[in-house]
Amino acid sequence: MPETVLVTGGAGFIGSHTCVELLDHGYEVVTVDNYVNSSPQALDRVAKIARRPLTAAYDVDVRDRKALSEVFASHPVDAVIHFAAHKAVGESVSLPTEYYDTNVGGTCALLSVMREHRVHRLVFSSSCSVYGDAETVPLTEDSPVAPTNPYACTKLMCEHILQDVCARLSEMKVLALRYFNPVGAHPSGLLGEAPRGIPNNLMPYVAQVAVGRREKLSVFGDDYPTPDGTGVRDYIHVMDVAEGHRVAVEHLDDHTGMQVFNLGTGTGTSVLQLISAFSEVSRRPVPHQVVERRAGDVAALVADASAVATAWRWSTTRDLTAMCRDTWRFQELNPDGYSPDLVHAGPKTGELSCG
Ligand code: NAD
Ligand code: WQD
């Protein structure tokens, strides 16, 4: 019997790529998403790329315990990957209650339903944002955590909850993955990041400038203590993030209890380096102008990626050129993201066809 993996937030940026990776490796995949930041169209594309359907896709809010319990009752769930969350740092400052409710409340609801159905294996989406203002890079999993915004607090709080649950229930097996900066897209150009409104993050903003949808990029500060003065980050291809989740599922039984891993490449890239790489790949100029630093930004965030390499004998393989090339392909083929006419406007719960 193939394993069944339930993926919350499965229609989202990272979730959709992970569903393809799981289908490609023979898993049965059930998704739960309320499409608050995604389109069910992404799931149709997942099935198209994988040339096999998802087992089921539910329009369910993870906080709705009754609906979630019905999903678990309908499938022999072996493991859960929990992506569903709100993720915009700035928005979390304006809407803290919504962020705690969805990110922390959603995780608690999921844990109680998992317990009810005796499902004990979980991969959790955490974030490098838990490290806050890092004094030195690269960051290991033992580097101090000091979240600086409500979003990052929700992720750290979920990690604490998972630690406590694992301490209480010896059968629990949890891997919390702290991703650095996921970017890129599926090489088919069918799946990618389709932010609603003005992008918060660098790569989708650069892509929209290159395609002519936005006039120019604001570079937030060039006086950081970095080689060219602009912020340095550890960009990781979303295909590597997806692969990392499939590998994590394969390693869930290595230990009981909870383990935390960074998911990054270990390589830092500055804003100017990323602009230059993108321009080269797209053969389009990326007009930009240096402005004031963005409040809350740090100079450099780079992972020490050696822990997963040692534990799973796995590491990322896609470089910055691949990240830019695949982002550009998705941007060119989907200049307005997933088509608005297909954006879901259906009932709150129920199964979608996705074959
Ligand atoms: P995303 O917004 O594209 O995906 C999240 C998905 O969860 C969306 O499909 C959304 O509709 C769904 N969702 C949100 N609230 C829900 C709810 N109450 N019930 C059901 N579904 C709900 O984001 P992403 O970039 O794919 O991120 C996935 C996960 O990874 C998130 O937990 C995020 O915090 C974490 N993460 C993302 C990044 C990043 O830069 N993209 C970095 C570190 C961690
Ligand atoms: C990258 C660099 C900016 C936009 C965020 C979240 C973090 C995690 C990953 C979820 C920085 C600069 C950006 C622009 C710019 N997500 N920049 N002009 O802030 O490192 O991390 O995504 O967990 O929690 O905070 O990513 O892409 O916003 O910024 O100059 O228009 O690009 O200053 O140096 P960040 P980012």
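The values are calculated or read from the model by the stated rules, or taken from the named source; none is laboratory data. Just so you know, these numbers come straight off a predicted model, no measurement behind them. A quick note on method: Cβ atoms are made from the backbone with ideal geometry, for glycine too, and the neighbour counts reach across all protein chains shown. With ligands, DNA and RNA removed, areas are computed over all heavy atoms of the protein, side chains included. Shrake-Rupley method; radii C 1.70, N 1.55, O 1.52, S 1.80 Å.
The table below lists the values:
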read-out	value
Among the residues listed as Asp222, Asp234, the single one being farther than 22 Å from Thr154 by Cβ and within 15 Å of ligand 2 (Cβ to nearest atom)	Asp222
Strands (runs of 3 or more DSSP E) wholly inside the range 229-293 containing at least 3 residues that are open to solvent by 60 Å² or more (accessible area, probe 1.4 Å)	288-291
Of the criteria (1) near ligand 1 (Cβ under 8 Å from one of its atoms); (2) out of contact with any His (no Cβ under 6 Å at 6 or more places or on another chain); (3) open to solvent by less than 40 Å² (accessible area, probe 1.4 Å), which one Ala67 fails	(1)
Criterion: surrounded by fewer than 16 Cβ atoms within 10 Å (Cβ to Cβ), within 12 Å of ligand 1 (Cβ to nearest atom) and in contact (Cβ under 8 Å) with a residue 24 or more places away in the chain - qualifying residue of Arg178, Arg196	Arg196
Some residue of the range 39-50 being more than 20 Å from the chain's Cα centre (by Cα) and surrounded by fewer than 23 Cβ atoms within 10 Å (Cβ to Cβ)	yes
In the range 73-85, the residues that are more than 9 Å from ligand 1 (Cβ to nearest atom) and open to solvent by 10 Å² or more (accessible area, probe 1.4 Å)	Ala73, Ser74, His75, Pro76, Val77, Asp78
Among the residues listed as Val62, Val119, Val77, Val104, the single one being outside any strand (DSSP E or B) and over 19 Å from Cys19 (Cβ atoms)	Val104
Yes/no for Val36 being within 14 Å of ligand 1 (Cβ to nearest atom), in a loop (DSSP other than H, G, I, E, B), within 16 Å of the chain's Cα centre (by Cα) and of a type outside the set (Gly, Ala, Ser)	yes
Which numbered condition Gln259 fails, given (1) at pLDDT 95 or above; (2) among the polar types (S, T, N, Q); (3) out of contact with any Leu (no Cβ under 7 Å at 6 or more places or on another chain)	(3)
Top-ranked residue of the range 129-145 - restricted to ones that are of a type outside the set (Val, Ile, Thr) and more than 13 Å from ligand 2 (Cβ to nearest atom), ranked as modelled with the lowest pLDDT	Glu135
Which listed residue, of Thr148, Thr140, Thr97, is open to solvent by 10 Å² or more (accessible area, probe 1.4 Å), of a type outside the set (D, E, K, R) and free of Cβ contacts under 8 Å to residues at least 40 places away in the same chain	Thr97
